[in-house]
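Undergrad: Just dropping this structure here.
Any read-out appearing in this document is the output of simple, stated calculations on the displayed coordinates, not a laboratory observation. Just so it is clear, the model here is predicted, and its values are computed rather than measured. Cβ: placed from backbone, ideal geometry, glycine included. Neighbour counts: every protein chain shown.
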Amino acid sequence: MTQDEIRKLALDILGGIAPEADLTALAEDDELREVLDIDSMDLLNFIVALHEATAVAIPETNYKKLSTLGGIVGYLAET
């Protein structure tokens, strides 16, 4: 996947989890939980959905790397 495809996928999944959020205003380094006002369960659901959509294993020790849009794109682009 390209970085643009990863970004679109992540934003699509986030749109399902936080439909009221303005994802167009989300900066690469914004903390998702703070900006989108999602809880830890929402974040876990997001990570599971990313895994299911990409078939990339995401160990719990790497969850912190997925706390921003830029982190998500970087992490998935490396795999």
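Undergrad: State to the nearest 20 debye the size of the charge dipole of the chain about its Cα centre, where the only charges are +1 on K and R beta carbons and -1 on D and E beta carbons.
TA: The calculation lands at about 280 debye.
Undergrad: Something else: Over the chain, what is the relative contact order in percent, taking alpha-carbon pairs closer than 8 angstrom and at least six residues apart?
TA: For the chain, the relative contact order is 44 percent.
Undergrad: Another one. Based on other C-beta atoms within 10 Å, arrange Val35, Val73, Val48 from fewest to most.
TA: Least to most surrounded, the residues fall as Val48, Val35, Val73.
Undergrad: While we're here: Loop only by DSSP, 16 or fewer other Cβ within 10 Å of the Cβ. Give me the GluC sites (Glu not before Pro) in the chain that pass, ordered by residue number.
TA: Sites meeting the loop and neighbour criteria: Glu20, Glu28.
Undergrad: Work out the charge dipole of region 3-78 with +1 on the Cβ of Lys and Arg and -1 on the Cβ of Asp and Glu about the Cα centre, then indicate which of Ala10, Ala77, Ala27 is farthest towards its positive end.
TA: It is Ala77, whose Cα lies furthest towards the positive end.
Undergrad: According to a simple spin-label model (label point 7 Å from Cα along Cα-to-Cβ), what is the distance in nm between Ala55 and Ser67?
TA: Output for this residue pair reads 3.1 nm.
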